[in-house]
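The values are calculated or read from the model by the stated rules, or taken from the named source; none is laboratory data. Everything quoted here is computed from the prediction, not taken from an experiment. Methodologically, a virtual Cβ is constructed for each residue, glycine included, from the backbone with ideal geometry; neighbour enumeration extends over all protein chains shown.
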Amino acid sequence: MQTTTLAPRSPALPHIVIKPALVVGFALLTALCAQIQIPLPGGVPMTLQTLAVATCALCIGGSLGTMSMMLYVMMGVAGFGVFANGSGGVDVVFDATGGYILGFILSQPVAGALTRRWRDASGRLTWNRMCLIALAVHAIIFAIGVPWLKIATGMQVTSALFHGCVIFIPGMAIKILASSQIASVTGQARE
């Protein structure tokens with residue numbers, strides 16, 4: 001009887017497979033989270049998009065995160081219903097929520113830079129620093145989204161701030177904590 005010894009498999013898939021899969025995966029996760037709505041007082045629902053965007057930044061880093069969010073936006077612009085309420089098309093990017101969507105992309109390189117800067121001696125981020133990076137992601141999204149909302153709708157500044165940011169602060173705090181916890185359990189970006 002003859003026995004054959006099989007060569008051991010590599011425990012990790014090659015980066016040529018993993019990286020594109022992560023880019024596509026986080027774009028699809030963001031699309032899924034856009035459809036999950038939580039009603040808030042005042043009639044403007046909160047979605048879980050920014051949870052996916054912050055988790056993307058923490059788990060795959062600024063470069064891949066930027067590619068992922070660009071893919072997400074391109075899918076929406078192409079007409080796929082990946083934005084909130086299953087909407088898609090170029091008009092969504094230019095309406096009242098367009099600034100937030102642009103912020104998804106622009107927040108990723110900043111998160112990547114903070115990730116590189118704030119690693120400890122072992123190359124890891126502390127949980128507190130992950131929370132600060134997730135806060136920065138949200139701050140960038142709102143810093144672009146609120147002025148865009150004001151211009152697109154003609155709202156007064158105070159109204160745009162309230163309806164475009166303030167009412168989302170409690171949910172944002174929860175999403176910051178959740179994205180940091182997800183990243184600490186599943187793995188941090190190796191930016």
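Conditions first: (1) touching a residue at least 24 places away in the same chain (Cβ under 8 Å); (2) out of contact with any His (no Cβ under 9 Å at 6 or more places or on another chain). VAL157 passes all but one, so which condition is the exception? Only one criterion is unmet by VAL157, namely (1). From the list ALA78, ALA96, ALA54, the lone residue that is surrounded by fewer than 22 Cβ atoms within 10 Å (Cβ to Cβ) and either at pLDDT 95 or above or within 10 Å of the chain's Cα centre (by Cα) (or both) is ALA78. In summary, GLY89 fulfils each of the numbered conditions (1) closer than 30 Å to SER159 by Cβ; (2) buried (at least 18 other Cβ atoms within 10 Å of the Cβ) with the single exception of condition (2). Of all residues in the range 121-135, those that are modelled with pLDDT of 95 or more have Cβ atoms under 8 Å from Cβ atoms of residues that are among the basic types (Lys, Arg), 6 or more apart or on another chain, in ALA134/LYS175.
Each row is one residue, and each column tells you yes or no for (1) over 21 Å from THR55 (Cα atoms); (2) touching a residue at least 24 places away in the same chain (Cβ under 8 Å); (3) among the hydrophobic types (A, V, I, L, M, F, W, C); (4) touching a Ser or Thr at 6+ places or on another chain (Cβ under 6 Å).
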residue: ILE141; (1), (2), (3), (4): no, yes, yes, yes
residue: LEU149; (1), (2), (3), (4): yes, yes, yes, no
residue: ILE169; (1), (2), (3), (4): no, no, yes, no
residue: SER179; (1), (2), (3), (4): no, yes, no, yes
residue: ALA189; (1), (2), (3), (4): no, yes, yes, yes
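Can you tell me which residue within the range 29-49, out of those that are surrounded by fewer than 16 Cβ atoms within 10 Å (Cβ to Cβ) and of a type in the set (A, V, I, L, M, F, W, C), is modelled with the lowest pLDDT? Of everything passing the filter in the range 29-49, VAL44 is modelled with the lowest pLDDT. Picking from residues in the range 122-156 that are part of a loop (DSSP other than H, G, I, E, B) and surrounded by 15 or more Cβ atoms within 10 Å (Cβ to Cβ), the one that is nearest to the chain's Cα centre (by Cα) is LEU125. Looking only at the range 55-92, residues that are in a helix (DSSP H, G or I) and either within 29 Å of LEU132 (Cβ to Cβ) or small (Gly, Ala, Ser) (or both) come to 22 in all.
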